[in-house]
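Take a look at the structure set out below.
Read-outs throughout are calculated quantities, based only on the coordinates presented, and are distinct from any laboratory measurement. Please read these numbers as outputs of a predicted model, since none were measured by experiment. Backbone-built Cβ (ideal geometry, glycine too); neighbour counts: all protein chains shown.
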Amino acid sequence: MDMEEHFFRHEFGRIVATLTRLFGVDNFALAEDVTQDAFCRAMETWKLRGLPKNPSAWLMTTAKNRALDILRRERTARVSEPELARFLESEWTLVPTVEEAFSTYAVNDSQLRMMFSCCHPRLSEEAQIALILHILCGFSVKEIAQAFVSSHAAIEKRITRAKKVLAESTKLFDLADADFTARLSSVLQALYLLFNEGYHGASPEAAVRMELCEEAMWLMNLLIKQPALVTPQSYALAALMYFNAARLPTRLDDAGNLVSFFEQDRSLWNHNFIAEGQALLNLSSSGTALTKYHMEAAIASMHTSAAKSEDTDWKQIVSLYDMLMAIHPSPVIALNRAIAIAQVDGPEMGLQKIGVIHDLHRLSSYPFYPATLGELELRRGNYHVAKERFCTALSLARNPMERNFLQRRIDTCRER
Amino acid sequence: MTEFVYLYRGYELPASPEEMQQKTAKWMIWLKELSDNGHLKSLGDPLQPGGKVIKGAKKQVIDGPYAEAKDVVGGYSIIVAKDIEQAVGFSLGCPIFEDGGSVEVRPIGQ
């Protein structure tokens, strides 16, 4: 009698995408209403009668019948997608067209097309992510606001505006479109940011953040399970997610405090995820393309393949960072490269490399910039300077977890 | 042992699919426990919102059942209990109370 975890959420995305394909994107609000209605009926019925044999089919049938009612009643007044409209005009073709839209193949296709539609170039990355969570993962405004530690009003405004942009099209994004490659990059970037929000984000609740990582991986899996759409960079991003997710359980201790990477209990890492990540990383090397996802996944794999922190091949990691800097330079990556260099050549060399980072000022509000300086100063015995650096970092901390972590580093310096 | 009907009245619907799933699961767990203990005669049925009320000598048909959402019966179950006190006791675990709804406990005529 158990439902799969997040079953309602994920079915919501499948149904709303299918109905949007039928009614047209400009009728998205109608698709949402019909979906919501199907879920209310499911809840009312199942809570008393128990789960049907095939809950997914039950929901689909309920939504399909409701769609047929609406299309019979309103016909083309409701349908704006030109190719579909003519099939929906006569009863003769209406039923088979709607049946076809609800076939497993078409539902999966609509779901992916919706994902690409959400990453409209006129929407900011934040809006794209909010829209994906709202439409494809069935997150309410409240749930998104909680996950992003943002106000209800701000998220509501963001989603309302994004839906307006979405509704300016009539059709869902066509996966055979000439813009496919460019749009795929936006989709991957959105999923990458969604995962990172869960991994590094500001919500103090570990469960909330774990959910964001899970949703990003769920969406990523939809993408890589479509043989016609999958690209090496998609595999690389999926690999990166699996490697990082493997380490997720050890990033926080039982009290919810951040645990330094070097002190994480590696026996608690998810070894199935590491194996999956490795398999995906192998698949990602089939082409000639080398993206930031490839390099980041390769670095993550170096970490997860070391049984002990001391076994880490830092030299190899430094050269991977060199390659990453060559294709995607950024001050944060340069900072991480400096940390790797410090592991190989000592803290002085690390500090020296940080000093020459291009665009260093862009890190001025990033707490882990002064925290890294503190860490390296601590390692070379400059406790007083280290403490000052950690205090600066503390003043920039973005959430209680970071604050606790940095406070403990300051205490470490005091004890010396 | 006497049979009782639980009439479930008006409550707020959860806003998100995730909350709906959790709520559905809570109801199923509550009813399963009643059933496992032999106190459930029938899971009952949900009643869809809307309908008609026919009344008076003129048999006037109006849209119903009630204007107030909180008064609308959303479903029922039939349970078996020693007496009304026990039947009331069993109802206390119903998840409907978390959402502002009510349970009306009525002995079934014998």
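Residue by residue, region A:105-110 carries 3J(HN,Hα) couplings of 4, 5, 5, 4, 5, 4 Hz when phi is fed to the Karplus relation 6.51 cos²θ - 1.76 cosθ + 1.60 (θ = phi - 60°); x denotes Gly or Pro. Counting, for every residue in A:41-54, the Cβ atoms of other protein chains within 10 Å of its Cβ and taking the mean gives 6.
Please work out the FRET efficiency for the pair B:Ile62 and B:Arg106, using the Cβ-Cβ distance as r and a Förster radius of 25 Å; give the result to the nearest 0.05. In this case the efficiency is close to 0.55. Between region A:301-371 and region A:218-233, the C-alpha centres lie 30 angstrom from each other. Using Cβ point charges alone (K and R +1, D and E -1), the dipole size of chain B about the Cα centre works out to roughly 560 debye. Rounded to 0.05, the FRET efficiency of the A:Gln352 and A:Ala207 pair, given R0 = 51 Å and the Cβ-Cβ distance, is 0.80. Could you work out [θ]222 nm for chain B from helices alone, using -39500 (n - 2.57) per DSSP H run of at least four and dividing by all its residues? Round to the nearest 500 deg cm²/dmol. That calculation yields -8000 deg cm²/dmol at 222 nm. Taking 19 Å as the cut-off for C-alpha to C-alpha distance, list the pairs among B:Lys23/B:Lys82; A:Lys163/A:Lys292; A:Lys64/A:Lys163; A:Lys142/A:Lys171; A:Lys142/B:Lys23 that go past it. Correct reply: B:Lys23/B:Lys82; A:Lys163/A:Lys292; A:Lys64/A:Lys163; A:Lys142/A:Lys171. Summary of the geometry: region A:175-208 and region A:11-26, compared by the centres of their Cα atoms, lie 21 Å apart. Counting Cβ atoms of other protein chains within 10 Å of each Cβ in B:7-19 and taking the mean gives 5. The mean sequence distance of close C-alpha pairs (under 8 Å, at least 6 residues apart), as a share of the length of region A:1-102, puts its relative contact order at 32 percent. Please work out the ratio of the alpha-carbon Rg of region A:200-284 to 2.2 N^0.38 Å and round it to two decimals. Taking N as the residue count of region A:200-284, the ratio is 1.18. In order along region A:334-340, phi translates into HN-Hα couplings of 4, 5, 5, 5, 4, 5, 5 Hz, rounded to whole numbers, per the Karplus curve 6.51 cos²θ - 1.76 cosθ + 1.60 with θ = phi - 60° and x for Gly and Pro. Here's the picture: charge each Lys and Arg Cβ at +1 and each Asp and Glu Cβ at -1 in the protein assembly as shown, and of A:Gly50, B:Gly10, A:Ala17 the one pushed furthest to the positive end of that dipole is B:Gly10. Shape of chain B from its Cα gyration tensor (a ≥ b ≥ c, root eigenvalues): rounded if a/c is under 1.5, otherwise prolate when a/b > b/c, or oblate? In terms of gyration-tensor shape, oblate. Shape class for chain A: prolate, because the ratio a/c of the largest to smallest gyration tensor axis (alpha-carbon atoms, square roots of eigenvalues) is 1.5 or more and a/b beats b/c. Evaluated at q = 0.25 Å⁻¹, a Debye calculation over the C-alpha positions of region A:92-181 (equal weights, vacuum) places log10 I(q)/I(0) at -1.21. Across peptide B:41-54, the mean count of Cβ atoms from other chains lying within 10 Å of each residue's own Cβ comes to 2. Projecting the Cα positions of B:Val105, B:Val53, B:Val73 onto the charge dipole of chain B (unit charges on Cβ atoms of Lys, Arg, Asp and Glu, taken about the Cα centre) puts B:Val53 furthest along the positive direction. Packing, as the average of other Cβ atoms within 10 Å across residues, places the peptides A:232-243, B:92-103 in the order A:232-243, B:92-103, highest first. Using the Cβ-Cβ distance between A:Gln407 and A:Ser309 with R0 set to 30 Å, the FRET efficiency from 1/(1 + (r/R0)^6) comes to roughly 0.80.
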